[in-house]
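Since every read-out is calculated from the coordinates, none of them should be taken as a lab result. Everything numeric here is computed off the predicted structure, so don't read it as measured data. A quick note on method: Cβ atoms are made from the backbone with ideal geometry, for glycine too, and the neighbour counts reach across all protein chains shown.
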Amino acid sequence: MADARYVVGIDLGTTNCVLAWIDTQAEIDVDAPPVEVLALPQLVKPGVVEARPQLPSFLYLPVAEEMKPESLALPWGMAEHVVGELARARGAEVPTRVVASAKSWLASVGVDPSQPILPWQAPDDVAKLSPVDAAAAYLRHLRAAWDAAMPAPLVEQELYLAVPASFDAAARDLTVRAAEHAGLGGARLIEEPQAAFYAWLADTAGGWRDMVGVGDVVLVCDIGGGTTDLTLVAVGEERGGLVLARRAVGDHILLGGDNMDLTMAHAVRARLTDGGTTLDDWQFRGLVHAARDAKEALLAANAPAEAPVVVLGRSRKVIGGTVRTQIARDEVEATLVDGFFPAVDRDDKPRAARRTGLQEIGLPYASDPAITRHVAGFIGRHRDVAPDGPSAVLFNGGVMRADRFRRRMAEVLSAWRGSQVRVLTGSDPDLAVARGAATYGLARRGRGVRIRGGTARAYYVGVETAMPAVPGMAPPVKALCVAPFGMEEGSAATLPDAEFGLVVGEPAHFRFFGSSVRRTDTPGTVVERWAEGELEELPPLETMLTGDADRTVPVRLEAEVTEVGTLAVYCVSRDGTERWKLEFNVRGADGRP
Amino acid sequence: MKTVLTAVLLAALLAGANYWALFTIGGASSCMPCAAIFLGGPFVLALALAGILPALSRPRAAAAAEEPVALTDEVSGPAALAPPPADAALRLLATLQEDGRLIDFLTESIQGYSDEQIGAATRGIHDACAKALRACVTLEPVLPGREDEAVTVPKGFDPSEIRLTGDVRGEPPFTGILRHAGWRVTGVSIPERTGLEPRIVAPAEVELG
């Protein structure tokens with residue numbers, strides 16, 4: 001689609017989806033490209049369609065007769081599933097029938113994301129979906145909204161799909177599969193924090209060259225409703241101009257604004273209970289909303305000393321049943337600012353043991369709510385990129401709209417560094433990822449500055465060491481690097497020396513690992529031992545060799561980063577005539593088939 | 001031809017009734033497009049029916065072959081062309097209730113409650129209703145000036161836009177104090193509620209389990 005008229009960026013978010021586009025036939029200032037955000041018609045109540053810039057990433061599965069079919073019609077006809085604002089709102093009332101956070105299930109969590117497992121722990125009468133199906137349903141909605149509003153179909157445009165920087169090769173593969181299910185197979189991938197960075201570059205209209213300089217390392221701190229995504233971008237120089245390179249990405253941290261809203265609501269509920277007022281589930285949901293509004297008011301610049309929290313009565317007696325209280329700024333400060341952004345030491349690491357009681361079974365929610373500790377751990381792992389820590393920070397995500405959080409985060413980063421860390425301010429943190437993804441598309445066409453990146457991890461296959469069998473002990477595994485850190489899209493790496501004998505007609509398995517910290521390994525490097533967290537096991541790779549049975553074929557491994565941005569590993573026969581693609585086996589709960 | 005005449009006559013009667021209903025009940029000039037539909041609608045409908053009815057009285061097969069669409073028009077036509085006048089009002093009411101609990105608020109007896117209790121509930125209702133109202137209708141003042149400041153009422157002003165009070169005499173232009181700047185609706189977008197019974201402005205809620 002290199003000659004497509006529109007360059008389209010899609011933020012397939014954990015809690016909201018956004019679609020932005022650039023018309024390449026319009027006049028374009030490459031420093032400040034004109035990015036538009038598509039209005040997304042969606043059901044907001046049964047029978048009521050409204051166009052909004054964000055499509056909540058929720059999917060609701062109604063029981064028969066719960067809603068009239070005609071009340072679920074969209075401007076372009078009936079959809080297979082209820083997605084968007086109605087699904088989100090209805091899901092809060094009937095949590096067992098709503099699919100939420102589907103994207104986080106695509107990251108390796110020990111279940112097969114292509115199996116119908118959502119809604120997690122739903123009753124038996126619910127026709128469950130796979131996380132891939134759910135993601136595809138959101139993309140189908142975006143596609144239909146585009147096709148209804150724009151002069152040319154979405155499949156014919158150049159598409160960029162933003163994924164968390166923390167997504168490993170398997171999760172990226174599944175995202176592409178979801179796009180294929182939605183008929184958007186050509187979509188290329190871009191990391192979300194990088195997209196946010198592109199959006200900031202465009203916001204400054206070229207002014208970024210005066211805001212950062214050679215040697216700067218920028219921390220992109222993207223905190224959304226459900227996830228925290230971290231990235232380091234380094235500023236360098238080449239032939240007199242500034243160049244940008246994405247140097248490190250963080251782990252998938254399931255911690256975000258929803259945790260904060262729940263924490264605040266629980267604190268208020270506890271106080272009400274002490275005062276003799278008990279809230280039922282319905283009122284508690286109202287409380288979560290009201291507490292969120294109060295939180296936003298109290299964390300803004302020049303906030304009042306306190307804000308009211310009102311939960312209206314449930315029955316027709318709206319006044320009689322109303323519960324009113326207030327939240328003081330000091331309380332928000334103590335609960336949220338100190339709770340989620342404590343001033344920790346620069347050598348601190350996230351604590352694994354403590355549980356906060358705010359988790360849902362199934363997804364690996366972060367057990368340490370202190371975002372600053374997660375950031376400290378991330379920066380600590382990447383001291384080679386920024387020995388003194390980042391010199392500037394770019395905030396993104398709805399949570400970081402709060403002035404108080406931004407200030408605290410900047411204070412903590414400055415304390416670690418021992419000097420003032422600059423805060424780079426982008427516009428609209430809710431829409432930046434989609435806008436930035438479109439801007440990236442334009443940059444790929446040579447119109448605008450590009451951030452260098454490549455793969456965010458090095459990848460390894462496990463090789464069992466030859467040693468005498470010991471009962472009850474698996475032979476130790478060595479890791480053989482097949483793809484180095486920073487492999488660019490469209491490039492390949494081969495391991496000429498290492499050969500494996502594969503038996504035709506039998507499935508071949510390879511244990512598979514990724515590392516976001518080993519940046520210097522080259523294809524063929526063998527890692528004998530590794531520290532906790534240095535290498536992470538991913539779903540295994542497997543393939544079935546076809547041909548004459550019982551023949552043993554000597555093969556070598558070859559890795560390739562596709563144009564789309566996914567990693568493909570092949571077994572290639574010695575003479576190079578036969579090639580088998582290794583596929584991720586996502587069934588393995590702990591990485592083993 | 002006789003059919004057409006009869007139809008137009010009936011339409012005139014219906015339009016007349018609509019005119020009366022619209023300007024007595026609804027308040028004059030509130031909505032020009034509505035008036036056009038209510039007054040013009042019967043004529044369009046009548047002429048359409050006059051064309052369709054003779055076709056229907058012809059042999060069934062011929063009618064079906066010539067105008068297959070006409071049969072369905074005849075069935076769904078009247079409902080589609082003339083929605084119940086109260087529909088938009090009901091939709092607005094349902095929105096204000098769903099988003100802001102306005103009907104609950106206005107129908108609840110407030111005598112037994114303290115001002116503090118009423119104040120507490122009103123804050124939430126006010127916020128939500130204000131938001132819903134802003135989404136449904138766009139309002140702007142009729143006169144641009146600031147309230148409690150001098151204003152001139154020109155010659156040939158529209159009495160539906162400006163109401164004169166106090167010592168009213170002589171001829172315009174008048175000079176006076178702007179006491180209330182008035183409200184003018186410049187846009188209406190009340191959400192459609194497809195497939196829902198319009199008279200249900202708040203469904204009953206039943207919790208299971």
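Residues that are more than 9 Å from every other protein chain (Cβ to nearest Cβ) and not hydrophobic (A, V, I, L, M, F, W, C) within segment B:125-140 comprise B:126, B:131, B:134, B:138, B:140, listed in sequence order. Do you know which of the residues in segment B:108-124 that are part of a helix (DSSP H, G or I) and more than 7 Å from every other protein chain (Cβ to nearest Cβ) is farthest from residue A:309 (Cα to Cα)? Looking at residues that are part of a helix (DSSP H, G or I) and more than 7 Å from every other protein chain (Cβ to nearest Cβ), I get B:115. Tallying residues that are more than 14 Å from chain B (Cβ to nearest Cβ) and free of Cβ contacts under 8 Å to residues at least 12 places away in the same chain within segment A:288-329 yields 1.
Kindly establish whether residue A:457 is closer than 27 Å to residue A:385 by Cα, surrounded by fewer than 22 Cβ atoms within 10 Å (Cβ to Cβ) and not hydrophobic (A, V, I, L, M, F, W, C). Considered against the rule, which asks whether it is closer than 27 Å to residue A:385 by Cα, surrounded by fewer than 22 Cβ atoms within 10 Å (Cβ to Cβ) and not hydrophobic (A, V, I, L, M, F, W, C), residue A:457 comes out as no. Taken over segment B:165-193, residues that are part of a strand (DSSP E or B), touching a residue at least 40 places away in the same chain (Cβ under 8 Å) and over 21 Å from residue A:48 (Cβ atoms) amount to 2. Only one of the numbered conditions (1) over 20 Å from residue A:255 (Cα atoms); (2) over 23 Å from the mean Cα position of the chain (by Cα) is not met by residue A:390, and that is (2).
Condition check ((1) in a helix (DSSP H, G or I); (2) within 28 Å of residue A:6 (Cα to Cα); (3) among the acidic types (Asp, Glu)) across all residues:
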| site | (1), (2), (3) |
| --- | --- |
| A:62 | no, no, no |
| A:66 | no, no, yes |
| A:89 | yes, no, no |
| A:112 | no, no, yes |
| A:115 | no, no, no |
| A:138 | yes, yes, no |
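Given the criterion out of contact with any helix residue (DSSP H, G or I) (no Cβ under 9 Å at 6 or more places or on another chain), farther than 20 Å from residue A:50 by Cα, within 14 Å of chain A (Cβ to nearest Cβ) and of a type outside the set (A, V, I, L, M), identify the matching residue among B:144, B:203, B:159.
The conditions single out B:203.
With respect to residue A:434, determine if the residue is over 23 Å from the mean Cα position of the chain (by Cα) and touching a residue at least 60 places away in the same chain (Cβ under 8 Å). Against the criterion (over 23 Å from the mean Cα position of the chain (by Cα) and touching a residue at least 60 places away in the same chain (Cβ under 8 Å)), residue A:434 does not qualify. A count restricted to segment B:176-209 and to residues that are among the hydrophobic types (A, V, I, L, M, F, W, C) and surrounded by 13 or more Cβ atoms within 10 Å (Cβ to Cβ) stands at 7. Across segment A:26-49, not a single residue is classified as within 14 Å of chain B (Cβ to nearest Cβ), among the charged types (D, E, K, R), in contact (Cβ under 8 Å) with a residue 24 or more places away in the chain and under 21 Å from residue A:428 (Cα atoms).
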